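Every read-out reported here was derived from the displayed coordinates using simple, explicitly stated rules and does not represent laboratory data. Predicted, not measured: the structure shown is a model, and the values here were computed from it.
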Amino acid sequence: MPFGKCPTCGQGEIFKYPLSNVAHFADMHSNCPVCGVSFEPEPGFYFGAMYITYAFNIVILIAFGLSIYYLVALPEIMYLILIASVAVVTTPFSFRVSRVLWLYWFGGLQRKEEQKP
């Protein structure tokens, strides 16, 4: 199944705008534009996705920080600036990945062909 598509029909987009539109990277459709299934099963459903975002960001920043530390000799402030820049750049991506994973894992939605009659 393509990433960022409706878990039920596999065709509708979950997010309204592409990731390149950084100003609106978090805007989601409330319902699937194709099959109409709700992307927010209950109020506050995506609070748990914050933990996935946090885990992604920690892994990315530690990996980047350690690799840049051992590969390039820079002043400490430059390390902080580079790590902060990577955090800002990767946040929209990790946000979207965590929301999609949370919806797929805990949304209670199944593919139409997998649903039991």
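Structural remarks
- Between the amide H of residue 31 and those of 39, distances stay under 5 Å, these residues lying 5 or more places away or on another chain, with hydrogens modeled in the peptide plane.
- Taking Cα atoms only, the orientation of helix 49-71 departs from the longest principal axis of the chain by about 30 degrees.
- Summed over qualifying helices (DSSP H, 4 residues or more, each -39500 (n - 2.57)) and divided by its residue number, the chain shows a 222 nm mean residue ellipticity of -16500 deg cm²/dmol.
- Inverse mean reciprocal Cα-Cα distance (Kirkwood Rh) of the stretch 22-114, Å: 15.5 Å
- With Cα atoms, 0 to 90° folded angle of helix 76-106 axis to the chain main axis: 10 degrees
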